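Trainee: Submitted below is the structure of interest, expressed as structure tokens.
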Amino acid sequence: MTGVNIGDFGKTTGDTFFDLIKQLDEVNGIERFRISSIEPNLLTDEIIEFVSKSKRFAPHFHIPLQSGSDDILKLMRRKYDTSLFRYKIEKIKSIIPHAFIGVDVIVGTRGETDEYFDNARKFLESLDFSQLHVFTYSERPNTQALKIDYIVDPKIKHARCRTLLDISDHKLKAFYKNQQNKTAKVLFEHTEHNGVMYGFTENYVKVEAPYDESKVNQITDITLGGFNESETALLVK
């Protein structure tokens, strides 16, 4: 399910995003739904609790944070802070421990001093998420951000991006290791890569297996094994 501010669905019709996903959960013929990027202030507890018991919604959340510094979030005029974000992550993990959580962050925004970035890094290291999507800030004409004086040097932006990508790699491998030896349902994709195929579990673990045309676009029960050679996916045990 994709869109801009999908958590605000129904504002003009009197419906809610929660109403929508409850109805979609009853649609026959679609075995999996994934909720794409939904802001933490719009990801309600009732949505999280619903997904934990859902028949068709995958235990997979993608939540934009943008910065782990409250000072930068204020500059961005975000409608949430790090305290709320931490609560949402902890809420998910408390009732869906195996959930995959992806997080969007932006590095090098105007105003991001060394101190603010260090605060953001420490906050991210303390969170139990699965993967970061790291974006490097770039200027856009006629935006309010251009009124902020402090500009981050491009080389520093690059170094900060590398720092957060390293955190992401560590978190993802730890999440994958935690899933090893567990049973899962994998939906395999049609593309063949040098004799192997890939698919994803409900909680978004990438799985590698020998190519088998009969498994394409089919959900298959498997047991998750160790890492593949490139350590980007788990093998079928």
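The values are calculated or read from the model by the stated rules, or taken from the named source; none is laboratory data. Computed from a predicted structure; not experimentally measured. Cβ coordinates were reconstructed from backbone atoms using ideal geometry, including for glycine residues, and neighbour counts include every protein chain displayed.
Trainee: So residue 106 passes all but one of these: (1) modelled with pLDDT of 95 or more; (2) over 26 Å from residue 176 (Cα atoms). Which condition number does it fail?
Mentor: With respect to (1) modelled with pLDDT of 95 or more; (2) over 26 Å from residue 176 (Cα atoms), residue 106 is out only on (2).
Trainee: In region 1-48, how many residues are part of a helix (DSSP H, G or I), at pLDDT 95 or above and among the aliphatic types (A, V, I, L, M)?
Mentor: Going through region 1-48 one residue at a time, the tally reaches 5.
Trainee: Of all residues being hydroxyl-bearing (Ser, Thr, Tyr) and surrounded by 13 or more Cβ atoms within 10 Å (Cβ to Cβ) in region 120-175, which is nearest to the chain's Cα centre (by Cα)? Just the residue, please. Full working, then the answer.
Mentor: First, pick out the residues of region 120-175 that are hydroxyl-bearing (Ser, Thr, Tyr): 126, 130, 136-138, 143, 150, 163, 168.
Remaining after also requiring surrounded by 13 or more Cβ atoms within 10 Å (Cβ to Cβ): 130, 136-137, 163, 168.
Numbers: 130: 7, 136: 17, 137: 19, 163: 18, 168: 11 Å.
Only one residue fits best here, namely 130.
Trainee: Yes or no: region 212-223 includes at least one residue that is touching a Leu at 6+ places or on another chain (Cβ under 7 Å) and of a type in the set (Gly, Ala, Ser). Let's see the steps before the verdict.
Mentor: First, pick out the residues of region 212-223 that are touching a Leu at 6+ places or on another chain (Cβ under 7 Å): 219.
Add one more test, that the residue is of a type in the set (Gly, Ala, Ser), and what stays is none.
Within region 212-223 (the criterion being touching a Leu at 6+ places or on another chain (Cβ under 7 Å) and of a type in the set (Gly, Ala, Ser)), the answer is no, since none of the residues qualifies.
Trainee: Going through 164, 187, 146 one at a time, which residue ends up being of a type outside the set (Val, Ile, Thr), assigned by TED's automatic domain parsing to the domain that holds residue 96 and in contact with a strand residue (DSSP E or B) (Cβ under 6 Å, 6 or more places away or on another chain)? Full working, then the answer.
Mentor: On the way: 187 fails: assigned by TED's automatic domain parsing to the domain that holds residue 96; 146 fails: in contact with a strand residue (DSSP E or B) (Cβ under 6 Å, 6 or more places away or on another chain).
Only one candidate passes the filter, namely 164.
Trainee: Checking residue 199 against (1) over 23 Å from residue 36 (Cα atoms); (2) among the small types (Gly, Ala, Ser); (3) part of a strand (DSSP E or B), which single condition isn't satisfied?
Mentor: Residue 199 satisfies every listed condition except (1).
Trainee: Next question. Of everything in region 111-146, what is among the charged types (D, E, K, R) and either closer than 15 Å to residue 162 by Cβ or at pLDDT 95 or above (or both)? Give them in sequence order.
Mentor: 112, 114, 115, 118, 121, 122, 125, 128
Trainee: Of 74, 79, 88, 53, which residue is surrounded by fewer than 16 Cβ atoms within 10 Å (Cβ to Cβ) and more than 25 Å from residue 145 (Cα to Cα)?
Mentor: 53
Trainee: Go through (1) part of a loop (DSSP other than H, G, I, E, B); (2) hydrophobic (A, V, I, L, M, F, W, C); (3) touching a Leu at 6+ places or on another chain (Cβ under 6 Å) and name the single condition residue 184 misses.
Mentor: (1)
For every residue, the table says whether it meets (1) among the small types (Gly, Ala, Ser); (2) assigned by TED's automatic domain parsing to the domain that holds residue 133; (3) closer than 24 Å to residue 188 by Cα.
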position: 33; (1), (2), (3): no, yes, yes
position: 36; (1), (2), (3): yes, yes, yes
position: 42; (1), (2), (3): no, yes, no
position: 55; (1), (2), (3): no, yes, yes
position: 62; (1), (2), (3): no, yes, yes
position: 75; (1), (2), (3): no, yes, no
position: 78; (1), (2), (3): no, yes, no
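Trainee: Within region 50-87, take every residue that is of a type in the set (Val, Ile, Thr) and assigned to a helix (DSSP H, G or I) and give me the one that is nearest to residue 32 (Cα to Cα). Before the answer, list the steps.
Mentor: Pass one, region 50-87, residues of a type in the set (Val, Ile, Thr): 51, 63, 72, 82.
Now narrow it down to the ones that are assigned to a helix (DSSP H, G or I): 51, 72, 82.
Details: 51: 12, 72: 36, 82: 30 Å.
Among residues in region 50-87 that are of a type in the set (Val, Ile, Thr) and assigned to a helix (DSSP H, G or I), the one nearest to residue 32 (Cα to Cα) is 51.
Trainee: So which residues in region 49-81 are in contact (Cβ under 8 Å) with a residue 40 or more places away in the chain and within 16 Å of the chain's Cα centre (by Cα)?
Mentor: Those that are in contact (Cβ under 8 Å) with a residue 40 or more places away in the chain and within 16 Å of the chain's Cα centre (by Cα): 51, 58, 59, 60, 61, 62, 63, 64, 65, 66, 67, 68.
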